[in-house]
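S.K.: What follows is a structure written as C-alpha cells; I'll ask about it next.
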Amino acid sequence: MNHRPRKRFGQNFLHDQQVIDRIIASIAPQPTDLLLEIGPGQAALTEPLMASAAELHVLEIDRDLVLQLEKKFAQTSNVTIHACDVLQADFSMISDHRPFRLVGNLPYNISTPLIFHLLRWHNLIRDMHFMLQKEVVDRMASGPGSKAYGRLSVMTQFRYSVTPLFEVRGESFIPAPRVCSSVVRLEPLQTPPFEVGSVNNLERVVMAAFSQRRKTLRNSLRNLFSAEQILTAGIDAGQRAEQLSLSQFAALARALPYDAD
Ligand code: SAM
C-alpha cells in the first residue's frame, strides 16, 4: 500500500513480522471471538486476525486508509470497517451489546484519553491487548511509592488486571517512534477489588489527589474533605497521593456523599 504516515493520527506502522506474530500469539484469536481492532492502519494485525475466522470490526479515522482497507477486504465476509474516531465510538452499538475482545497498536498521541474512554465499556470487554508507549504501560502497572503511579494506575487497576507482556524496539515500526513501546494485556476483574460506593467518587478523589501530587492530601483534597474527614477515613492527611494504596483511595471515595455513576 502506498501511504505517507500521518503524524497527527499517530501513525507508526508495524513491519516486523516477529513482533506481529508474537502479538497474535498473545491474543490467540478464536473463530468464535468478536474482535474489535482500533486503528487497523495498513492491516499489519488485521490480516492475521482475519485469518482466525473471528468476527472482526475495525475502527479507523484516516479516510485514505479506510478506502484502502475497503478494497483489501472487499471479498472478506468476517471483516467490517468503521470509518470513525475511536474517541467518539459507541462500543455497545458496534458490538451489538455482545461481549468483545479489543486489540490495537494504538495511536500514541491519544492513548491516555483512549484508555479512560474505554473504562466505561468494561462490562462488555472480555480482554484487551494493546501496543502502547512503554511509559504508559509502566504507569498502568505501577503501585504506590513509584514515580509512575498515578490516576491511570488507580483507575486501570480498579477495573483490570494488568499484565505487561513484552517490549518492542522502535525499528519495528515505520516511521520509528522516538519512545520505547510495550504490549500489555488487560483483563476485567469479575468484581472490583474494593467497594468504592460510586466510581464517580473514586474518579473525583484520584483526579484531585494526583493533579497536585507533590502536595499533602490535606492540601490537594481541600475542596473535597477537611483534614478530620481524611483522618476519619483512616488516612494520614500528611501523606501524598503517590503513597496511597488502591484500598485507601477506595476508603476516601466511600467517605464522599453518594454520586450516582
Ligand atoms: N495497526 C496498524 C499497525 O500496527 O501497523 C497501525 C497502527 S498506528 C500506530 C495507529 C492507527 O490508528 C493508524 O492507522 C491511525 O490512522 C489510527 N487512528 C489514529 N487516531 C485514531 C482515532 N481517533 N480513531 C480511530 N483510529 C485512529
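S.K.: Suppose we filter the stretch 96-123 for residues that are out of contact with any strand residue (DSSP E or B) (no Cβ under 6 Å at 6 or more places or on another chain) and either more than 14 Å from residue 37 (Cβ to Cβ) or exposed (fewer than 15 other Cβ atoms within 10 Å of the Cβ) (or both); how many remain?
M.R.: The total comes to 13.
S.K.: Tell me the residue from 194, 173, 166 that is over 25 Å from residue 104 (Cα atoms) and aromatic (Phe, Trp, Tyr), please.
M.R.: 194
S.K.: Also: Taking the condition of being over 16 Å from residue 155 (Cα atoms), within 16 Å of the ligand (Cβ to nearest atom) and not aliphatic (A, V, I, L, M), how many residues in the stretch 108-132 meet it?
M.R.: The total comes to 4.
S.K.: Could you give me the residue pairs with C-beta distances under 9 Å whose first residue belongs to the stretch 63-79 and is surrounded by fewer than 16 Cβ atoms within 10 Å (Cβ to Cβ), whose second residue is in a loop (DSSP other than H, G, I, E, B) and not basic (Lys, Arg) wherever it lies, and which are 6+ apart or on separate chains?
M.R.: Pairs that qualify, where the first residue is surrounded by fewer than 16 Cβ atoms within 10 Å (Cβ to Cβ) and the partner is in a loop (DSSP other than H, G, I, E, B) and not basic (Lys, Arg), are 64/3.
S.K.: Continuing with the same structure: Please go through the stretch 19-40 and give me each residue that is out of contact with any strand residue (DSSP E or B) (no Cβ under 7 Å at 6 or more places or on another chain) and either touching a residue at least 60 places away in the same chain (Cβ under 8 Å) or within 11 Å of the ligand (Cβ to nearest atom) (or both), ordered by number. Give the steps one after another, and end with the answer.
M.R.: Of all residues in the stretch 19-40, those out of contact with any strand residue (DSSP E or B) (no Cβ under 7 Å at 6 or more places or on another chain) come to 21, 24-25, 28, 30-32.
Selection gives nothing.
S.K.: Which ones in the stretch 3-26 are of a type in the set (Lys, Arg) and either under 19 Å from the mean Cα position of the chain (by Cα) or over 14 Å from residue 105 (Cα atoms) (or both)? Let's see the steps before the verdict.
M.R.: Pass one, the stretch 3-26, residues of a type in the set (Lys, Arg): 4, 6-8, 22.
Correct list: 4, 6, 7, 8.
S.K.: Which condition breaks for residue 261 when tested against (1) acidic (Asp, Glu); (2) under 26 Å from residue 125 (Cβ atoms); (3) in contact with a Phe, Trp or Tyr (Cβ under 6 Å, 6 or more places away or on another chain)?
M.R.: (3)
S.K.: While we're looking at this one, here's another question. Is it the case that residue 104 is without any contact (Cβ under 8 Å) to a residue 12 or more places away in the chain and of a type in the set (Gly, Ala, Ser)?
M.R.: Criteria not met by residue 104.
S.K.: If you don't mind, there's one more thing I want to ask. Could you name every one of the strands (runs of 3 or more DSSP E) located completely within the stretch 41-107 that has at least 1 residues being within 21 Å of residue 26 (Cβ to Cβ), within 13 Å of the ligand (Cβ to nearest atom) and touching a Leu at 6+ places or on another chain (Cβ under 7 Å)?
M.R.: On the way: elements: 55-60, 79-83, 100-105.
In the stretch 41-107, 55-60, 100-105 are the strands (runs of 3 or more DSSP E) which contain 1 or more residues that are within 21 Å of residue 26 (Cβ to Cβ), within 13 Å of the ligand (Cβ to nearest atom) and touching a Leu at 6+ places or on another chain (Cβ under 7 Å).
S.K.: Failed condition for residue 151, given (1) surrounded by fewer than 16 Cβ atoms within 10 Å (Cβ to Cβ); (2) over 12 Å from the mean Cα position of the chain (by Cα); (3) among the charged types (D, E, K, R), with all others met?
M.R.: (1)
S.K.: A follow-up question, please. Considering the stretch 1-14 alone, what residues qualify as being out of contact with any helix residue (DSSP H, G or I) (no Cβ under 7 Å at 6 or more places or on another chain) and either within 11 Å of the ligand (Cβ to nearest atom) or modelled with pLDDT of 95 or more (or both)?
M.R.: Once the filter is applied, which keeps residues that are out of contact with any helix residue (DSSP H, G or I) (no Cβ under 7 Å at 6 or more places or on another chain) and either within 11 Å of the ligand (Cβ to nearest atom) or modelled with pLDDT of 95 or more (or both), the stretch 1-14 yields 5, 6, 7, 8, 9, 11, 12, 13.
S.K.: While we're looking at this one, here's another question. So for the stretch 238-249 (the condition being surrounded by fewer than 16 Cβ atoms within 10 Å (Cβ to Cβ), charged (D, E, K, R) and not in a helix (DSSP H, G or I)), does at least one residue qualify?
M.R.: no
S.K.: Which numbered condition in (1) modelled with pLDDT of 95 or more; (2) among the aromatic types (Phe, Trp, Tyr); (3) under 18 Å from the mean Cα position of the chain (by Cα) is the only one that residue 73 fails?
M.R.: The failed condition is (3).
The values are calculated or read from the model by the stated rules, or taken from the named source; none is laboratory data. Just so you know, these numbers come straight off a predicted model, no measurement behind them. Here Cβ is always computed from backbone atoms with ideal geometry, including for glycine, and neighbour counts include all displayed protein chains.
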